[in-house]
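Beneath this line is the structure, given in structure tokens, with notes to follow.
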Amino acid sequence: MTAKYGIDVSKWQKGFDFKLARSQGKHFCIIRVGRTNRDGQQVMDEAFYENINGAKDAGMDLGIYFYSLATDAVTAHREAEWINHLLNTDLCNTHLKAGVWLDVEDSKQAGLSPTKLTSVVMAAINRLNSYGVYVGIYSSFNFLTQNLILKNIPDYVPIWTAQYGAENKLKRLYPRKQIPCWQYSDQGKVGKHQVDLDIWY
């Protein structure tokens, strides 16, 4: 299978030109669907509908990610319920070929022990899996290897890793893991917008 190039976007790319991105060879787009606020409430990304409709109209494969702030199982379950609700309502007819992802990188989460954070993340994944939702983890190489215990995360859980440079080191170090997506740069340029660049193997 040939590798595909893509992008990920959030409210910071509001007004993005998806057709231009598609003409530049970007085949997929992973869109931030929402996040947990500092007060513990789950909220929609302000540009989500604009972004997903723009990417869809441009003919791109779609994925979504949710910015997690969970530091305990209760919040992890609440995030999972929020994601599942959206998948069964507004997104029920949307094929998410580029996946559903939990973005785990917040400094609040980094304050937990790796064992604790891994169990929190798995609480969300297990809840979503129980609904038939296949979900992966997005984070940086350093966060994945220092703040989580990867051997405690089952190999069926996909990982989308961020590591800027010429090599996806995680793929080499963990050959048994499913690592289908690599964010290799945050310096992409599409029109007036700066954007993250990804590759799908």
Look at the stretch 61-98 and say how many of its residues are over 13 Å from the mean Cα position of the chain (by Cα) and either among the acidic types (Asp, Glu) or assigned to a strand (DSSP E or B) (or both).
-> 5
If we keep only residues of the stretch 49-60 that are in contact with a helix residue (DSSP H, G or I) (Cβ under 8 Å, 6 or more places away or on another chain) and outside any loop (DSSP other than H, G, I, E, B), then the residue most open to solvent (accessible area, probe 1.4 Å) is 57
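Here's the yes/no breakdown for (1) farther than 22 Å from residue 123 by Cα; (2) among the charged types (D, E, K, R); (3) open to solvent by less than 70 Å² (accessible area, probe 1.4 Å); (4) touching a strand residue (DSSP E or B) at 6+ places or on another chain (Cβ under 9 Å):
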{"site": "7", "(1), (2), (3), (4)": "yes, no, yes, yes"}
{"site": "17", "(1), (2), (3), (4)": "yes, yes, no, yes"}
{"site": "28", "(1), (2), (3), (4)": "yes, no, yes, yes"}
{"site": "41", "(1), (2), (3), (4)": "no, no, no, no"}
{"site": "46", "(1), (2), (3), (4)": "yes, yes, no, no"}
{"site": "69", "(1), (2), (3), (4)": "no, no, yes, yes"}
{"site": "73", "(1), (2), (3), (4)": "no, no, yes, no"}
{"site": "82", "(1), (2), (3), (4)": "no, no, yes, yes"}
Scan of the stretch 84-121 for residues that are open to solvent by less than 20 Å² (accessible area, probe 1.4 Å) and more than 19 Å from residue 33 (Cβ to Cβ), ordered by number = 117, 118, 120
Output the number of the condition that residue 35 fails; it satisfies all remaining conditions of (1) assigned to a loop (DSSP other than H, G, I, E, B); (2) among the basic types (Lys, Arg); (3) closer than 24 Å to residue 131 by Cβ.
-> (1)
What is the one condition in (1) within 19 Å of residue 32 (Cα to Cα); (2) hydrophobic (A, V, I, L, M, F, W, C); (3) surrounded by 20 or more Cβ atoms within 10 Å (Cβ to Cβ) that residue 133 does not satisfy?
-> (3)
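What residue, of 78, 32, is open to solvent by 10 Å² or more (accessible area, probe 1.4 Å), closer than 17 Å to residue 96 by Cβ and charged (D, E, K, R)? So that I can check it myself, show each step before the final result.
Numbers: 78 fails: closer than 17 Å to residue 96 by Cβ.
Only one candidate passes the filter, namely 32.
The values are calculated or read from the model by the stated rules, or taken from the named source; none is laboratory data. Keep in mind that what you see is a predicted model, and the values were worked out from it rather than measured. With ideal geometry, Cβ positions are generated from the backbone for all residues, glycine too; neighbour counts draw on all protein chains shown. Ligands, DNA and RNA are excluded from the accessible area calculation, which covers all protein heavy atoms including side chains. Shrake-Rupley method; radii C 1.70, N 1.55, O 1.52, S 1.80 Å.
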